[in-house]
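Heads up: the structure comes next, in structure tokens.
The values are calculated or read from the model by the stated rules, or taken from the named source; none is laboratory data. What you are looking at is a predicted structure, and each value in this text was computed from that prediction instead of being measured. Cβ coordinates were reconstructed from backbone atoms using ideal geometry, including for glycine residues, and neighbour counts include every protein chain displayed.
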Amino acid sequence: MGESFEVKDGFCRACQRFCPIHLGIKDGKAVSLKPVKDNPIYHGFACAKGRASPEFHYMEGRMLHSMKRQADGSHAPIASNLAIGEIAEKIRQTVERYGPSSVALYTGSSGAINLPSWSFGESFMAALKSPMTFGSAQIDQPGKPIALALHGRWLAGQASLDQADAWLAIGINPAISMMGPPNPAHAINRAKKRGTKIYVVDPRRTEMARQADVFLQARPGQDAVILAGLIHVILAETLHDQSFLDANTQGLENLRRSVAGFTPAFVVQHTGVSVAQLLAVARGYATSKSGVVFAGTGPNMSSHGTLMEYLCLTLMTLCGHWRREGDEIAAHGVLVHLPPPIAQAIDPTPGWGLGQAVRSRNLTKTACGLPTSALAEEILLPGDGQIRILICNGGNPMMAWPDQMRTQEAIKKLDLLVCIDPVISETAKYAHYVIAPKVQQETWQTSALFELMWAWFPFTYPTEPFAMASSSLVDPPQGSDVIDDWSFFFMLGRHLGLSLSIQPMSFLFDPAEAKKREKVLDMTLDLSFEEVWETMLVDSPVPFSEVRKYPAGKVFDVPMRGSRVRPKAAGWEGRLNIGNVDMMDDLLRAGGDAQCSSVGDEFSYKLISRRMKDRYNSCWRHHEISVRKWAYNPAFMNPRDLDDLGLIPGDVIEIRSRRGAITGVVEAEEGLLPGVISMAHAWGQNPDEKSDPLKMGANTGFLIDNSVDYDPYSAIPQMSSIPVNVALVPGLR
Ligand SMILES: Nc1nc2c(c(=O)[nH]1)N[C@H]1C(S)=C(S)[C@@H](COP(=O)(O)OP(=O)(O)OC[C@H]3O[C@@H](n4cnc5c(=O)[nH]c(N)nc54)[C@H](O)[C@@H]3O)O[C@H]1N2
Ligand SMILES: Nc1nc2c(c(=O)[nH]1)N[C@H]1C(S)=C(S)[C@@H](COP(=O)(O)OP(=O)(O)OC[C@H]3O[C@@H](n4cnc5c(=O)[nH]c(N)nc54)[C@H](O)[C@@H]3O)O[C@H]1N2
Ligand code: SF4
Ligand SMILES: [Mo]
């Protein structure tokens, strides 16, 4: 038999940025991935991780069959269909005895990127009548949707990063994380060439900070204080947009009172930035025409995350930095309808206290969903409402949830744990069943994800109406029994006699309207992946069947292209709130906390989180690309701190928090603020496994306690800026 080689167009799925690519396929196997050079939006980019991703499909450790846990704790292959039948039976018995709320779903990062699996998971839970759906979003940047609810939304949205003339980026590093526009490095260069001012707040001189006009190298966890300081200066110097505020907002006086104490002197004392820098950013930002403020995971995880996001929105509103009447529109829906570009405000809505509450710590459902950081407690807390079954879709709680100790206790306690995961992850080790899914190029995928991200991450959206939809480009390896993630929920529903329904994706419909439009699936008929996408995108502005013709994407000539923001409707009364009472109270607390934290206590260092270039959370961690530079997650520290402590790079240190201790390997990083340790999450092993810090790294989640120092609204605990101490572990250098 001769060899065959072909090249198919599509896009990489090794991270959420979905870069358009040419996939080389040899004898039916994906063998190479190269960027599409002349793509108008991505400008020919693929990272090393993406280029290596064809190998992920075939690497050792990828499961080609689902697994069932045996009496001795080992896993043995089982036919997927049989496994799903057994899982259904266990769910049936448990629901009969304890009610539907005893079953919970956790959608992790790989589940969230995969819209059909996310959508079918939610639909399954609704049909089962269990409200207990959790996700990685609630331990990521949960302050974003909550703040947006409290502040209200501007229908026409904000400028895209390509349109904006000032960026204020707080604890986000698009050049590595790809949480930013397509091909972030290219976008940063374009912005510099256009003369866009870039302001960065980060304890670390990040890849983006190196290109910044002003880099505020601030102490971690003080972002709300800095934002309040910027607002203070802007109000004191009357640089705000009074006529915009008069016409479209409420709460200015409350805001003014609340930021009164955040004088430049106060901010400088507690954050480490200089007066000159603070004034430069306040003046530069406020006098720009269309500035955007955007924050990332760091400050969202460093306490007062909801407040910090709220102040980002408030700062934009204060300066009238939303798309205004007559401006070129910033975003178009191609696969998902966006709200009409009208220069008017939608009133705030409640941020928390929505529907089903959990039992622990009086926490409620928020605009971001149920608090994932309380899920372990909900499994451990006996009595009515205890969670006994967990379906974990494309996530790895043992590596990624805060509070690894409590997570392990909870995971071990479950009556049934099902993981949908291509490998036996650290969590899947405890699973009763591991369902082997199709991965990456074996699945159908579209760029609808970005269009949905527009609501919370508008700075990731391109200005042009670009979209792509790709069928599966390769088949799973021969002889395998792997299934589509979404079909797990479909088949489970079928076994349980449930009827699943799928809501079309759109920002146009309120929940009641979306419910009316949902399609009830005929559970007796098998569905194809294509039909799944057709159902989800039934109302798309450009028909799915048209977008499908462009697997590596295209800029579509949608009717809105090139149009302008429309004026506010006559008599419209919607107003944004920039003085929300709860947020102003939290701002006073943040001021108080700032004063305490500079006093210093027994834990004199702050451990902050970061992302590493070649590794996506815990995904494909055993592939050589994930460890080509670092086999472990170094504990980066400023050389001055190393000198003070008598450490040299390569030393093994104990890093101790109030909760516990891990061992890290020291590395010097000039650009890091002294007193700060920068270390990536989702490394290391399970707590009771023998771990070599030089081979596997250490799990920073072990240092975190879910039940203290958490955001009172979203419940996200302090996952960055964790107070720690450091000591040499002798003899391991
Ligand atoms: N201390 C600290 N903790 C953090 C963070 C931090 O910055 N600091 N970050 C937080 C953030 S932002 C997030 S999003 C969470 C992530 O939390 P999780 O999503 O729970 O963790 P991941 O490591 O992303 O797990 C992804 C899993 O998906 C599997 N997988 C890979 N490909 C596929 C696929 O195609 N299909 C399926 N079904 N599974 C697949 C992988 O093997 C892996 O087990 O971690 C959070 N935890
Ligand atoms: N290569 C790669 N890409 C990824 C991921 C990955 O693991 N690897 N993970 C993906 C996921 S799940 C997500 S959510 C996104 C996240 O995307 P980003 O939010 O861009 O994540 P990071 O690159 O970790 O950038 C966070 C920054 O916050 C800073 N920081 C930490 N604490 C503080 C603080 O208190 N204040 C301020 N101002 N800054 C602080 C850190 O120094 C760091 O530069 O990335 C995604 N992309
Ligand atoms: S940034 Fe890298 S991993 Fe992410 S989609 Fe692009 S090529 Fe793939
Ligand atoms: Mo994330």
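Checking each residue in the range 354-389 for being in a strand (DSSP E or B) and under 21 Å from Glu96 (Cβ atoms) picks out only Ile389.
One residue is enough: does the range 25-35 have a residue meeting the conditions among the charged types (D, E, K, R), in contact (Cβ under 8 Å) with a residue 60 or more places away in the chain, surrounded by 21 or more Cβ atoms within 10 Å (Cβ to Cβ) and touching a Phe, Trp or Tyr at 6+ places or on another chain (Cβ under 9 Å)? Looking for residues that are among the charged types (D, E, K, R), in contact (Cβ under 8 Å) with a residue 60 or more places away in the chain, surrounded by 21 or more Cβ atoms within 10 Å (Cβ to Cβ) and touching a Phe, Trp or Tyr at 6+ places or on another chain (Cβ under 9 Å), one finds none in the range 25-35, hence no. Please verify whether Ile21 is of a type in the set (Val, Ile, Thr) and under 24 Å from Ser618 (Cα atoms), treating the condition exactly as stated. Yes, satisfied. No other residue among Ala147, Ala126, Ala175, Ala191 is among the small types (Gly, Ala, Ser), surrounded by 24 or more Cβ atoms within 10 Å (Cβ to Cβ) and either more than 20 Å from the chain's Cα centre (by Cα) or more than 16 Å from ligand 1 (Cβ to nearest atom) (or both) apart from Ala147.
Might you check whether a residue that is within 30 Å of Tyr605 (Cα to Cα), among the acidic types (Asp, Glu), touching a residue at least 12 places away in the same chain (Cβ under 8 Å) and surrounded by fewer than 20 Cβ atoms within 10 Å (Cβ to Cβ) occurs anywhere in the range 249-256? No - not one qualifying residue is present in the range 249-256.
Suppose we filter Ser618, Ser626, Ser678 for residues that are touching a helix residue (DSSP H, G or I) at 6+ places or on another chain (Cβ under 6 Å) and not β-branched (Val, Ile, Thr); which single one remains? From the options Ser618, Ser626, Ser678, the qualifying one is Ser618. The C-beta contact set for the range 346-357 (first residue under 17 Å from Leu370 (Cβ atoms) and free of Cβ contacts under 8 Å to residues at least 40 places away in the same chain, second residue in a loop (DSSP other than H, G, I, E, B) and among the β-branched types (Val, Ile, Thr), distance under 9 angstrom, 6+ apart or interchain) comprises Gly353/Thr364; Leu354/Thr364; Ala357/Thr364. Condition test on Thr107, is it touching a Phe, Trp or Tyr at 6+ places or on another chain (Cβ under 8 Å), away from ligand 2 (no atom under 14 Å from the Cβ) and of a type in the set (Ser, Thr, Tyr)? Considered against the rule, which asks whether it is touching a Phe, Trp or Tyr at 6+ places or on another chain (Cβ under 8 Å), away from ligand 2 (no atom under 14 Å from the Cβ) and of a type in the set (Ser, Thr, Tyr), Thr107 comes out as no.
Tell me yes or no: at least one residue of the range 141-158 is closer than 30 Å to Thr263 by Cα, of a type in the set (Lys, Arg) and within 16 Å of ligand 4 (Cβ to nearest atom). Looking through the range 141-158, at least one residue is closer than 30 Å to Thr263 by Cα, of a type in the set (Lys, Arg) and within 16 Å of ligand 4 (Cβ to nearest atom). Of the residues making up the range 334-346, those that are within 25 Å of Met536 (Cβ to Cβ) and buried (at least 23 other Cβ atoms within 10 Å of the Cβ) are Val334, Leu335, Val336, Leu338.
Hey, among the residues in the range 595-617 that are within 15 Å of ligand 2 (Cβ to nearest atom) and modelled with pLDDT under 90, which one's surrounded by the fewest Cβ atoms within 10 Å (Cβ to Cβ)? Before you say what the answer is, go through the steps one by one.
Going through the range 595-617, the residues within 15 Å of ligand 2 (Cβ to nearest atom) turn out to be 597-598, 605-617.
Subsequent filtering for residues that are modelled with pLDDT under 90 retains 597-598.
Numbers: Ser597: 19, Ser598: 13.
The selected residue is Ser598.
Scanning the range 1-22 for residues that are assigned to a strand (DSSP E or B) and either within 16 Å of ligand 2 (Cβ to nearest atom) or under 17 Å from Lys438 (Cα atoms) (or both) gives Gly10, Phe11. Residues of the range 406-423 that are buried (at least 19 other Cβ atoms within 10 Å of the Cβ) and either in a helix (DSSP H, G or I) or not charged (D, E, K, R) (or both): Arg406, Thr407, Gln408, Ala410, Ile411, Leu416, Leu417, Val418, Cys419, Ile420, Pro422, Val423. Being assigned to a helix (DSSP H, G or I) and either under 20 Å from Ser288 (Cα atoms) or under 32 Å from the mean Cα position of the chain (by Cα) (or both): is that true of His232 here? For His232, the condition - assigned to a helix (DSSP H, G or I) and either under 20 Å from Ser288 (Cα atoms) or under 32 Å from the mean Cα position of the chain (by Cα) (or both) - is met.
State yes or no: is Ala635 at negative phi, of a type in the set (A, V, I, L, M, F, W, C) and free of Cβ contacts under 8 Å to residues at least 40 places away in the same chain? Lay out the reasoning, then the answer.
Working: at negative phi: yes; of a type in the set (A, V, I, L, M, F, W, C): yes; free of Cβ contacts under 8 Å to residues at least 40 places away in the same chain: no.
No: the conditions fail for Ala635.
Filtering the range 45-102 to residues that are of a type in the set (Gly, Ala, Ser), within 30 Å of Pro184 (Cβ to Cβ) and in contact (Cβ under 8 Å) with a residue 40 or more places away in the chain leaves Ala48, Ala52, Ser53.
Taken together, Val418, Val423 contain a single residue that is closer than 30 Å to Ile25 by Cβ and more than 20 Å from the chain's Cα centre (by Cα), which is Val423. Taking the criterion of being of a type in the set (S, T, N, Q), out of contact with any His (no Cβ under 9 Å at 6 or more places or on another chain) and part of a loop (DSSP other than H, G, I, E, B), the residues of the range 512-560 that qualify are Thr524, Ser528. Is it the case, given these coordinates, that Ser53 is in a helix (DSSP H, G or I), farther than 26 Å from Ala376 by Cβ and within 13 Å of ligand 1 (Cβ to nearest atom)? In short, yes.
For the range 610-621, indicate whether the set of residues that are of a type in the set (A, V, I, L, M) and without any contact (Cβ under 8 Å) to a residue 12 or more places away in the chain is non-empty.
Quick first cut of the range 610-621, residues of a type in the set (A, V, I, L, M) only: 612.
Applying the additional criterion that residues be without any contact (Cβ under 8 Å) to a residue 12 or more places away in the chain yields none.
No: zero hits.
Of all residues in the range 663-690, those that are more than 16 Å from ligand 2 (Cβ to nearest atom), over 18 Å from Leu642 (Cα atoms) and in contact (Cβ under 8 Å) with a residue 12 or more places away in the chain total 4.
Could you check, for the range 563-571, whether at least one of its residues is among the hydroxyl-bearing types (Ser, Thr, Tyr), touching a residue at least 60 places away in the same chain (Cβ under 8 Å) and closer than 30 Å to Gly671 by Cβ? Step through it out loud before you land on a result.
Within the range 563-571, the first condition is being among the hydroxyl-bearing types (Ser, Thr, Tyr), and the residues that meet it are 563.
With touching a residue at least 60 places away in the same chain (Cβ under 8 Å) added as a condition, the list becomes 563.
Okay, now just the ones that are also closer than 30 Å to Gly671 by Cβ, so none.
Within the range 563-571, not a single residue is among the hydroxyl-bearing types (Ser, Thr, Tyr), touching a residue at least 60 places away in the same chain (Cβ under 8 Å) and closer than 30 Å to Gly671 by Cβ.
All of Ala187, Ala164, Ala149 fail the test of being closer than 17 Å to Cys19 by Cβ, of a type outside the set (Ser, Thr, Tyr), at pLDDT 95 or above and touching a Gly at 6+ places or on another chain (Cβ under 7 Å), apart from Ala187. Selection of the range 314-328 for residues being in contact with a Lys or Arg (Cβ under 9 Å, 6 or more places away or on another chain) and buried (at least 24 other Cβ atoms within 10 Å of the Cβ) yields only His321.
Would you please list the contacts, defined by Cβ atoms under 7 Å and residues six or more apart or on different chains, that run from a residue in the range 288-306 that is in a strand (DSSP E or B) to a residue that is of a type in the set (S, T, N, Q)? Final answer for the pair search is Val292/Gln158.
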